[in-house]
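Visitor: First the structure, then my questions, so here it is.
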C-alpha cells in the first residue's frame with residue numbers, strides 16, 4: 001500500500017506540530033513549511049523553512065518541498081497570525097494588510113501553486129476560526145482575515161473539482177495565541193476575552209495534540225458538507241460548547 005502524503009503549513013509549533021505528530025503516527029509522509037522550520041521533527045518530516053509573509057518565497061519553497069510528489073492525501077493550511085486585539089477604528093490599514101498577507105494571500109499563493117502543479121489532492125482543510133462569524137469586539141483584523149479565508153475556500157472549491165475543500169474552526173487550542181489573549185485583561189472593553197480566560201485549565205481548551213486528533217477524526221465527516229463549506233467542529237463534535245459560544249457572542253450595543 002502506498003504511503004499517504006500530507007502537507008502542513010505552520011508546522012513548527014502549536015496545532016501544526018500537533019498535526020504533524022498525529023499524521024506521523026498514522027504513517028503519513030509529512031511535508032511541512034514554516035517560518036522557523038520544524039526542528040522538533042527534523043529527522044521525521046520533509047521540511048523547508050519559509051516565511052509565508054514573503055509571498056514571493058512561497059513558490060520556490062514548494063518547488064523544493066514537494067519535488068517528485070504526485071499525490072497529496074491531505075493539505076492543511078494551518079499557518080496564521082492573530083494580530084492585535086483592538087477596536088477596529090484603531091487598527092491601521094497597513095496592519096490589516098500584514099494579517100491578510102499571512103492569513104489569506106499566502107494561502108492563495110499555495111492553492112495557485114498546487115493547481116499549477118497538477119498534483120492529485122484528495123482533501124484540503126484550511127484552519128479558520130469562530131471569530132470569522134462571531135464578529136466580537138477587538139477581533140477586527142483576525143476576524144476579517146478568517147472570514148476572507150472562508151470565502152477563499154468557497155471560491156477555490158470550484159477550481160478543485162476532484163478535491164474536497166473545507167475551512168474549519170477547530171475550537172480553542174492551547175497555543176501562543178491563547179497565551180497572548182490571556183495576557184490582555186481589558187475584558188470590559190473586549191468581553192469575548194472572558195470566555196478564553198475562563199477556559200484555562202478546563203477541557204474546553206484543547207492541547208495541540210488533542211486538537212489534531214479532533215481534526216483528523218472529523219475528516220471523513222467533513223465530506224458530508226458541500227465542498228467549500230465553513231464548518232465549526234464544535235457544532236458537530238461538541239454541540240453544547242458551540243451553543244454556549246453562540247449564546248455568549250458579543251453583540252453590538254451590549
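Visitor: To the nearest 10 degrees, how steeply does helix 55-65 sit against the main Cα axis of the chain, on a 0 to 90 scale?
Guide: So the helix axis and the longest Cα principal axis differ by about 40 degrees.
Visitor: I would also like to ask the following. What angle do you read, to the nearest 10 degrees and between 0 and 90, between the alpha-carbon axis of helix 14-25 and the longest principal axis of the chain?
Guide: 40 degrees
Visitor: While we're looking at this one, here's another question. When the helix-only estimate is applied to the chain (DSSP H runs of n ≥ 4, each -39,500 (n - 2.57), divided by the residue count), what is the mean residue ellipticity at 222 nm, nearest 500 deg cm²/dmol?
Guide: -12500 deg cm²/dmol
Visitor: Checking the a/c ratio against 1.5 first, then a/b against b/c, what shape does the Cα gyration tensor give for the chain?
Guide: Because a/c hits 1.5 or more and a/b exceeds b/c, the chain counts as prolate.
Visitor: Continuing with the same structure: Give the angle, between 0 and 90 degrees and rounded to the nearest 10, that separates the Cα long axis of helix 140-157 from the longest principal axis of the Cα atoms of the chain.
Guide: The angle comes out near 40 degrees.
Visitor: Sort out for me the Cα centre separation of the range 1-28 from the range 204-254, rounded to whole Å.
Guide: 21 Å
Visitor: Then there is this: Sort 78-86, 149-157 by packing, meaning the average of other beta carbons within 10 Å per residue, with the highest value first.
Guide: Listed from highest to lowest mean packing, they are 78-86, 149-157.
Visitor: Let me ask something additional. Starting from the Cα of residue 112, step 7 Å along the direction of its Cβ; do the same at residue 24; then give the gap between the two resulting points in nm.
Guide: With each label placed 7 Å out from Cα toward Cβ, I get 3.3 nm.
Visitor: Where in the range 148-177 is the amide nitrogen less than 12 Å from a point lying 7 Å along the Cα-to-Cβ axis of residue 223?
Guide: Once the point is set 7 Å along Cα→Cβ of residue 223, 163-165 turn out to lie under 12 Å by backbone N, inside the range 148-177.
Visitor: What is the extension gain from residue 98 to residue 237, computed as 0.36 nm multiplied by their sequence separation minus the C-alpha to C-alpha distance, in nm to one decimal?
Guide: 46.8 nm
Just so you know, all these numbers are worked out from the coordinates, no wet-lab data involved. Quick caveat: nothing in here was measured; it's all calculated off a predicted structure. Cβ: placed from backbone, ideal geometry, glycine included. Neighbour counts: every protein chain shown.
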